[in-house]
Structure formats: structure tokens, C-alpha cells
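None of the figures in this text is laboratory data; all of them are computed from the coordinates on show. It should be emphasised that the depicted structure is a prediction, and the values quoted were computed from it without experimental measurement. Cβ placement follows ideal geometry from the backbone for every residue including glycine, while neighbour counts extend to all protein chains displayed.
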Amino acid sequence: MKTSDLFVKALENEGVKYIFGIPGEENLDFLDSLRKSSIELILTRHEQAAGFMAANYGRLTGEPGVCLSTLGPGATNFVTAAAYAQLGGMPMIMLGGQKPIRKSKQGRFQIVDVVSLMAPVTKYSRQVVDGNNLPSMVREAFRITMDERPGAAYIELPEDIAEEEVSAAVFDVVGHRRPNADDQSIDAAVKMIKAAKLPLLLIGAGANRKRTSESLKEFIDQTGIYFFNTQMGKGVVDERHERFIGTAALSDHDYLHCAIERADLIINVGHDVIEKPPFIMEKNGKHVIHINFDAASVDDVYFPQLNVVGDISSTISSLTNKLGKLDQDFSFFQRVRDDVDSHVTKYFKDERFPVLPQALVSVLRDHLEAEDIVTLDNGVYKIWFARNYECYAPNTLLLDNALATMGAGLPSAMAAKLLNPDRKVVSVNGDGGFLMNSQELETAVRMDLDLVVIILTDNAYGMIKWKQEGVGFENFGLDFNNPDFVQYANSFGATGHKAESYENFVEILGTALNGKGVHVIDLPIDYSLNHHILNVLLKESACIV
């Protein structure tokens, strides 16, 4: 058989169901092999969007999403998605094409050293130079991308290698168990927790595993400890829990930081320095226990005193068994919890128009069930969702707080809906980020997805405008014009809506959530309180609870 046939068989052997992407002439052998496969090709309109879809497939399943491009500009369009997956801890494998490597008559046309280009933003980047080696490369790429910390891989298949005859066979898929933390480090953690006056639990993105979620819930119930989470740790434990304080959407000055500042010990489960820090450590300050699959990377803002390295779920279960009920007085944390709740819900029922982001959060939470999914692009509204949107289950608010790229919101929603056809999925985007991959509306319509896309229109790059105002600079260089989003959506075969009032938006949202097909809602947003609340009030607030 041809190398391309063997490649597809190796992917089938790994359980691949979908490949997202755009083939080119260098992929034609692979494409013909794929035509006879059980794997479904989902043709996108841009390689970056294909990469975002594959990364979110990995995020939601724990198994690598796979995407495909041709050489040169097709492969370079993968770079942002590779960094997105690598920094976000999402397993993803990119497949690329290349000109013949043994003999070519096209000189350097379109040729870029993509393997070297991908090396800094992947865990594994290789070119296939002998088709018989391909099965081991595929097996190794899948293993590496799923190993902690998960990330991206790139495999390049040149044209001439793709068509050559090979005799190799696929490798068996072998699973493995993560090692448990040693007893000595567990006992040291128990000693530190019992000695602390006010220990506090932090839940980060690395804890977003089913077994870990269950173990953490048991740990919190058993010990009575209070907890908060990072943006990418939202929903790991149901945020309706009576011991939940809030989400650290900012690094300091927010109301829940009163609890962080008072705590003398932070038990950090699954957070690392790649995600924007939820708090900043100081020399001779509070102690931190780092519980994760691997040891902490020491940083100026993060230098834990104890590493407990191993399977997180096993570590938490061991701590639960050894600690029992904690006897510290946590009444201060309860007062902080009540204070945080009074602030984050303040504008939930404000019906002004254009709509406040806090009110949008409240409307969506009221309209969605516990398992329904909201995906966010990147913008200032992400802070409001992180602070104010209560998650009841893991992976029900998909946001990126690692690379924090724009343009990923719509593709991530498409992947979420593909994998969860019975759940409602809403994609929330700024008008800046939406237009970076808005062409994927055609893909979503062609995929026959039932999807709601909300575009928050303020005709500006709102996040940077907020930062610009916060440092005292004049407003400059961030305003733009938008198309008619209703006509734009309709031109792709979606259904466009424009909200004219708060009540009208609520009505449109209900219709869209219960309708078929892709619905796009143009929603004017009011960011006028951003500076006052996030830059002024928070910095002036004092921990008086």
C-alpha cells in the first residue's frame, strides 16, 4: 500500500473520527486515501479555524483533535492555533503537506521550513522521510500530545513519500497510568494544611478531568475548605457550591482577593504559570502547595514551597482521607463570599440598552441548562463572564486565558456543538474577534449545526480601549466600522437578527436557542462602566469584611 494509505490506517487505529482543514495539491494522495476511510473530513474556510476546532476537540475529549493543511501559507496559518493548543494544554495533531523532497522541479516555490517553524509551539514536530517509519511517528505524536502537559504536534508528509509503496504495519495503541505522588509529599501537604490558620483551595485548568472533578468535590465537602478558581478552571466544581468564593478573573484588587490576601496557605490544584496569574506571590508572603501532574515552573510571581507531583485525582483523594474535617474558623471566607456575590450580581437585572455585559451574563445563565455550553472569543467581555457567569459543570464556559487569541470563539463553538449535538451552544464574540474567522459561518451552516452566535458590537477593539483609558492615554487607533451583520449572516445561509432593546434581545435569544440552524445576533454592548468598575472602584476598595 501507499504511505498515504498507511497514514490514514494509523489515524483510524488511534480512533480519529474527524479531520478539520483545507487540503492542497501536496495532500492529494492523502486526500484520496481519506476518501476511502471512516474518518470524516470537515472542510473549513481557513486553516486557523481548523486548528481551533481541532484544539477544542482535544480540550473536550482529552484525545487529540486532528487538522490538515498543505505546505507554505496553509501550514503557516496553523501557527496561531498550534500556540493556542500548546499554551492551553489541548491535545492536537496537525498534518501538513510538502513538495517532493527527493527530486523537485519547482525550486523553492512555496517552501518554508515548517518543521522548524513549528518546533517552538509544539511538543513534537517531524517530517516523514520514509513511509515505513510513519506508524511509529503517529503513535509517538499521539502519546506525546496526551502526556501531561497536553499540547500540539506537527507531522509533515511530502508528496513523493506519500505515494511510495510501504510494507509497515500500524502500532498497537498502548495506554498508561499516571504515577501517584509519593507518601512523603502527601504527608508534608497534610502537615502544612493542618498548621495553616486560613487555607484556601485554588482550582486551575489542569484539574479539568472527570476523576479530578469528582475528587475535588469530595475533598471540599469532607474538609469544609473554601475554594476559588482560575478562568480556565471554571466549572471543575459546581460554582453553586456553598464554599465557592468566586473566579479570579484579574490578578489582584478584585473583591475575592480579600480572601486570597488573608489566606496564609493556597492549595493550588492544576494551575500553572502559563495561565494569567490569579494572584501574585511575594517573598515572605503566604505559602503555596503546588498539586499537579508535574512540578511547578518557578516564576517571579509563583514559587511554591511544596510540590506534590503525580496524578491529581489520586493526590486529592489521599489528602481527603488523611485530613478529614478541618477545624479552622472559615467565617471570614463566608463574609467574603457574600460580599463578592453582592458585587457580581449588582447589574444582573439592569435593562438599559445597549446591554451591559453583566446583564448579558445574567440573561444567558437564565436561558441555559447546567450542561449547555458558552464559548468566548477574546475581549473585555471575557472578564465579565469569568467573574459573573456561574458554571454548573466542567467545560460549559470555554475561554482561552493562556494565548488569549482572537478569532477562536466561533470555531470552538462549532467543535463543541459537533461533539454535543443535544446541548445548546452559544458563541459570544466581540465585533473585532468575530470578523477574524467569520467565514466559518459557511462551514457551520454546511455542517447543519444548531448554533447561536452573539456579536457584541461597539465598533472598536474594546479590551485595548479599556486598557488605554486605564493608563491615562487618549483614545486613539482602535475604532472601526462594521458590516450589516444581519445581511452578512443571511448571505451565508444563517439567520441574522439585530437586537433593538433589552426586551427584544431576550425575545430573539429565546427564539434562536429553540430554533434550527445557525442564528447570528447583532447585540450592541455598553462598556461605559468598564473603567469605573475595573480600574477605579476595585483599586479603591478595601477589605472591610
Quiz item: Roughly how tilted is helix 312-323, in degrees to the nearest 10 and between 0 and 90, from the longest Cα axis of the chain?
Solution: 30
Quiz item: In angstroms, what radius of gyration and Dmax does the range 258-308 have, counting Cα atoms only?
Solution: 10.1, 29
Quiz prompt | HN-Hα J in Hz across the range 530-539 - Karplus 6.51, -1.76, 1.60, θ = phi - 60°, x for Gly and Pro | solution = 3, 5, 4, 7, 7, 9, 9, 4, 5, 6
Quiz prompt | Solitary cysteines of the chain, where the nearest other Cys Cβ is not under 4.7 Å | solution = Cys67, Cys391
Quiz item: Cα-Cα pairs above 15 Å in the range 142-189: how many percent?
Solution: 71
Quiz prompt | Nearest-ten-degree value, helix 210-223 long axis tilted from longest Cα axis of the chain | solution = 10
Practice problem: State the three equivalent ellipsoid semi-axes of the range 186-338, derived from the C-alpha gyration tensor as the square roots of 5 times its eigenvalues, in descending order and whole Å. | Solution: 19, 18, 16
Quiz item: Counting Lys and Arg as +1 and Asp and Glu as -1, each charge on the Cβ, what is the dipole of the chain about the Cα centre in debye, to the nearest 20?
Solution: 760
Quiz item: Lys/Arg Cβ at +1, Asp/Glu Cβ at -1, dipole of the chain taken about the Cα centre: which of Val518, Val16, Gly430 is farthest positive-ward?
Solution: Val16
Self-check item: Centre separation in Å (Cα based) which lies between the range 489-511 and the range 302-351
Solution: 39
Exercise. Work out how much length Glu474 to Ser331 would gain on full extension: take 0.36 nm times their residue separation and subtract the Cα-Cα distance, in nm to one decimal.
Key: 47.0 nm
Practice problem: Return one quarter of the surface area of the convex hull spanned by the alpha-carbon atoms of the chain, equal to its mean projected area, in nm². | Solution: 25.8
Quiz prompt | Computed [θ] at 222 nm, deg cm²/dmol, the chain (DSSP H ≥ 4; -39,500 (n - 2.57); rounded to nearest 500) | solution = -10500 deg cm²/dmol
Quiz item: So what's the range 100-168 giving for Rg/Rh, alpha carbon basis, Kirkwood Rh from the mean inverse pair distance?
Solution: 1.02
Quiz item: Over 24 Å between Cα atoms, which of Lys194/Lys286; Lys123/Lys424; Lys210/Lys234; Lys382/Lys465; Lys194/Lys276; Lys17/Lys424 qualify?
Solution: Lys123/Lys424; Lys194/Lys276
Quiz item: How large is the convex hull of the Cα atoms of the range 371-488 per residue, expressed in Å³ as a whole number?
Solution: 109
Self-check item: For the range 3-163, diffusion coefficient by Stokes-Einstein and Kirkwood Rh (Cα), 25 °C, 0.890 mPa s, µm²/s
Solution: 163
Quiz prompt | Two-decimal log10 I(q)/I(0) for the range 302-406, as the Debye equation yields it once each C-alpha is a single scatterer, q = 0.12 Å⁻¹ | solution = -0.66
